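Asks: Sharing a structure below in structure tokens format, with a few things to ask.
Please treat every number below as a calculation from the coordinates, not as lab data. Values in this document were obtained by computation on a predicted structure and should not be read as measured data. Note that we place each Cβ from the backbone using ideal geometry, even for glycine, and neighbour counts take in every protein chain shown.
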Amino acid sequence: MTEPQSLHARRLFGRRKGWKLRPHQAGLLDTMLPELALVLREGGDPKSYFTAPIDDVWLEIGFGAGEHLAWQADQNPRVGILGAEPFEAGMAKLLSKLALAPTGNVRLYTEDARDILTALPDASLGRIFILFPDPWPKTRHHKRRFIQTEMLDELARVLRPGAELRFATDHASYLEYALERLMAHTSFAWTAQRAEEWKTRPSDWPPTRYEGKAIEVGRPCAYFIFRRV
Ligand SMILES: C[S@@+](CC[C@H](N)C(=O)[O-])C[C@H]1O[C@@H](n2cnc3c(N)ncnc32)[C@H](O)[C@@H]1O
């Protein structure tokens, strides 16, 4: 069995450690995380990562404190949800939520989501969520933004035709940057028919911590659903 994360010396931008964890959260990282940890197999069918019967697999990249992931897992018990979040405190927060409301359909990865993408076979996911990714506002850091044309090629590879890429941001420059690339990409079609559709969060898309912070300071948020053509 190969472990793709050991094969790629990628540079992860952003922090892994923050404030000191409370003993309960630290304990969950030691006891609960190993049970839910995603151990990648190069080319492995993602359905095989779950023991419960599932019909589809979705991936959330950078789930933060996991509000959205926990909600989707609870609402969609027949969907296996893969989540990647290298920020330890975020992972601990999601584990706290799952400890209170366990679901059998979550696998968690504490490293770079790009490892998961590399390991996935073609056309193996039904949805990818990238919600409020780090904006990297300085021009010289734009290359660090998760959404790049090459990344869209990779997302298109692992999504089935008809699958969804969901993306949200509160950052005007990232919005423009991502839309430019998404609109130019022949594998993605924007589903919105009217402006209200991307200015309003859909009902099957719960709020996240970062969205809450943006709304608090009056920054408008944009919500995009692109379909894999
Ligand atoms: C601004 S936060 C948003 C968190 C959450 N989605 C929300 O809306 O509250 C972006 C998150 O993406 C994570 N992240 C950044 N690069 C990543 C990568 N390559 N793979 C997985 N997660 C990543 C960061 O650790 C951070 O927690």
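Asks: Sorted from fewest to most neighbouring beta carbons within 10 Å, what does the list HIS68, HIS142, HIS185 look like?
Replies: With the sparsest Cβ surroundings first, the list reads HIS142, HIS185, HIS68.
Asks: I need the Kirkwood Rh of the stretch 125-225: take the reciprocal of the average 1/r across all distinct C-alpha pairs and report it in angstrom.
Replies: One decimal place: 14.2 Å for the Kirkwood radius.
Asks: What do you get for trypsin sites (Lys or Arg not before Pro) in the stretch 76-121 restricted to DSSP loop and a cutoff of at most 11 other Cβ within 10 Å of the site's Cβ?
Replies: Numbers: sites: ARG78, LYS93, LYS97, ARG107, ARG114; in loops: ARG78.
Of the trypsin sites (Lys or Arg not before Pro), the ones in loops of the stretch 76-121 whose Cβ has at most 11 other Cβ atoms within 10 Å are ARG78.
Asks: What is the count of Lys pairs in the chain whose alpha carbons sit under 20 Å apart, if the two are 8 or more places apart or on different chains? It would help to have the intermediate numbers written out before the result.
Replies: Details: LYS17/LYS93; LYS17/LYS97; LYS20/LYS93; LYS20/LYS97; LYS93/LYS213; LYS97/LYS213; LYS199/LYS213.
Qualifying lysine pairs in the chain: 7.
Asks: A follow-up question, please. Percent of Cα-Cα pairs per 5 Å bin, from 0 to the last occupied bin, for the stretch 33-143, please list those.
Replies: Per 5 Å bin, starting at 0, the Cα pair percentages come out as 2, 12, 24, 25, 19, 10, 5, 2, 1, 0.
Asks: Which trypsin sites (Lys or Arg not before Pro) in the stretch 133-209 pass both tests, a DSSP loop state and at most 11 other beta-carbon atoms within 10 Å?
Replies: Listed in order of number, the matching sites are LYS138, ARG194.
Asks: So, one more: Report Rg(Cα)/(2.2 N^0.38 Å) for the chain, keeping two decimals.
Replies: Here the answer is 0.97, to two decimals.
Asks: With just the Cα atoms defining each centre, how far is the stretch 116-135 from the stretch 148-201? Give it in Å.
Replies: With the stretch 116-135 and the stretch 148-201 each reduced to a Cα centre, they are spaced 12 Å.
Asks: Sorted by packing (mean other beta-carbon atoms within 10 Å per residue), highest first, where do 30-42, 13-25 land?
Replies: Sorting 30-42, 13-25 by mean packing, highest first, produces 30-42, 13-25.
Asks: From Cα pairs below 8 angstrom and at least 6 apart in sequence, can you work out the relative contact order of the stretch 4-228, rounded to a whole percent? The partial results should precede the final answer.
Replies: Working: 390 pairs, mean separation 46.2, N = 225.
Computed over the stretch 4-228, the figure is 21 percent.
Asks: Roughly what % of DSSP beta bridges within the stretch 81-229 run antiparallel, to the nearest 5?
Replies: Here the antiparallel bridges make up roughly 45 percent for the stretch 81-229.
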